[in-house]
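Read the structure below first, then the notes.
The values are calculated or read from the model by the stated rules, or taken from the named source; none is laboratory data. Owing to the predicted nature of the structure, the values given are computational and were not obtained by experimental measurement. Here the Cβ positions follow ideal geometry from the backbone for every residue, glycine too, while neighbour counts run over all protein chains shown. Side chains are part of the model used for accessible areas, which takes the heavy atoms of the whole protein and leaves out ligands, DNA and RNA. Shrake-Rupley method; radii C 1.70, N 1.55, O 1.52, S 1.80 Å.
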Amino acid sequence: MSARRPWTPRRRLILGLRIGVLVAWLGAWELAARTKLIDPFFFGQPSAVWSQIVTWVTQGTAQGSLGQQIFVTMEEAVIGFLIGVSAGVVAGIGLGRSRLLADVLAPYIKVLNSIPRIVLGSLFLVAFGLGLTSKVLLVIVLVFFGVFFNAFQGTREVDRNLTANAQLLGASRWQLTTQVVLPSAFTWILASLHVSFGFAIIGAIVGEFLGAEKGLGMLIKTAQGNFNQSGVLACMVLMAVVALLAEFLITRLEKRLLRWRPAAAGDTGLAAL
């Protein structure tokens with residue numbers, strides 16, 4: 001296992017500055033709301049948002065417990081994410097390995113990618129109803145293309161000398177794909193996961209907002225209908241927490257799977273999170 005990075009003075013400084021920025025922003029927002037520089041009805045205020053979250057945790061929501069709403073949304077997002085990633089990797093590597101197939105399907109892929117995928121949520125809702133299926137399909141569509149293009153480009157970027165040497169050693173096409181192409185494209189695929197899970201959450205939320213019985217999207221829609229700005233902002237906070245947790249887990253997975261890769265000297269900022 002790789003050693004944990006030590007808590008250097010620079011890391012402590014960065015953490016302190018991050019906390020300071022958050023505290024300053026929330027403090028300025030609360031102060032502006034209390035002094036009526038901004039209207040809390042339209043822009044909310046941190047204390048009201050926190051109070052709304054506490055109310056949901058202790059008393060539940062109109063649709064059920066808060067945990068149930070989060071579970072429903074995460075179920076839709078995770079299932080769609082896993083299917084979308086798998087399909088994107090298979091299609092990306094398949095078309096990357098077959099120039100003929102890529103040339104034939106290129107115009108269709110460009111057309112599909114140009115369609116605003118959010119609007120497909122309405123089609124899925126009409127076709128599959130308010131249940132899990134319509135939300136998962138929207139998530140799959142949102143996740144697929146990001147992973148597909150990264151997998152495709154990663155496959156095309158494989159060192160030709162490496163593939164030629166493997167062929168000289170008698171590697172079959174399947175062995176070449178699984179033992180040379182896939183590991184080489186792995187960094188591209190993993191890089192797409194960071195953005196793709198955010199799209200997965202967006203897809204689940206939008207699908208629920210269009211029509212659902214439970215979930216954070218339904219919670220946002222209910223709060224909006226009641227002109228409850230604090231409720232809308234509280235849902236945004238919950239989504240942000242879930243997204244940060246998912247990003248943390250994906251980053252840990254990436255570091256574990258890419259332990260063989262030497263650390264770059266310029267890995268700072270977002271790359272070091």
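Structure summary
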{"item": "At 1.002 mPa s and 20 °C, Stokes D of the chain from Kirkwood alpha-carbon radius, µm² per second", "result": "99"}
{"item": "Relative contact order (%) - criterion: Cα under 8 Å, at least six apart; region: the range 126-196", "result": "44"}
{"item": "Nearest-0.05 FRET efficiency for residue 122 and residue 34, computed from C-beta distance (R0 35 Å)", "result": "0.30"}
{"item": "Principal axis box of the range 183-237, alpha-carbon based, largest edge first, Å", "result": "52, 21, 12"}
{"item": "The chain, relative contact order in percent, only Cα pairs under 8 angstrom and at least six apart counted", "result": "23"}
{"item": "Rg(Cα)/(2.2 N^0.38 Å) for the range 88-236, N = residue count", "result": "1.35"}
{"item": "Point-to-point label distance, residue 256-residue 41, nm (Cα→Cβ direction, 7 Å offset)", "result": "5.1"}
{"item": "Which of 20, 129, 84, positive extreme of dipole for the chain (C-beta unit charges)", "result": "20"}
{"item": "Residues of the range 220-236 with amide N under 18 Å of the 7 Å Cα→Cβ point at residue 26", "result": "230-236"}
{"item": "In order through the range 39-56: 3J(HN,Hα) via Karplus (6.51 cos²θ - 1.76 cosθ + 1.60), integer Hz, x for Gly, Pro", "result": "7, x, 5, 8, 10, x, 8, x, 5, 5, 5, 4, 4, 5, 5, 4, 4, 5"}
{"item": "Range of Cα positions in the range 26-134 per principal axis (Å), largest first", "result": "65, 33, 26"}
{"item": "The range 38-53 versus the range 143-206: alpha-carbon centroid distance in Å", "result": "44"}
{"item": "Label zone at residue 103 (point 7 Å along Cα-to-Cβ), backbone N below 17 Å, the range 131-173", "result": "156"}
{"item": "Surface per residue (accessible, 1.4 Å probe) for the range 9-54, Å²", "result": "75"}
{"item": "Solvent-accessible area of residue 22 with every protein chain in place, 1.4 Å probe, in Å² to the nearest 10", "result": "90"}
{"item": "Label point distance in nm, residue 110-residue 149, each placed 7 Å from Cα along Cα→Cβ", "result": "1.3"}
{"item": "Charge-dipole axis of the range 1-76 as Lys and Arg at +1 and Asp and Glu at -1 on Cβ define it, positive-most pick from 58, 72, 45", "result": "45"}
{"item": "Size of charge dipole - the chain - debye, nearest 20, with Cβ of Lys, Arg +1 and Asp, Glu -1, no other charges", "result": "860"}
{"item": "In Å, descending, principal axis extents of the Cα set of the range 24-83", "result": "47, 28, 19"}
{"item": "Accessible area of the range 35-175 belonging to carbon and sulfur atoms, whole % at 1.4 Å probe", "result": "68"}
{"item": "Accessible solvent surface per residue of the range 176-216, calculated while the other protein chains remain in place, 1.4 angstrom probe, Å²", "result": "36"}
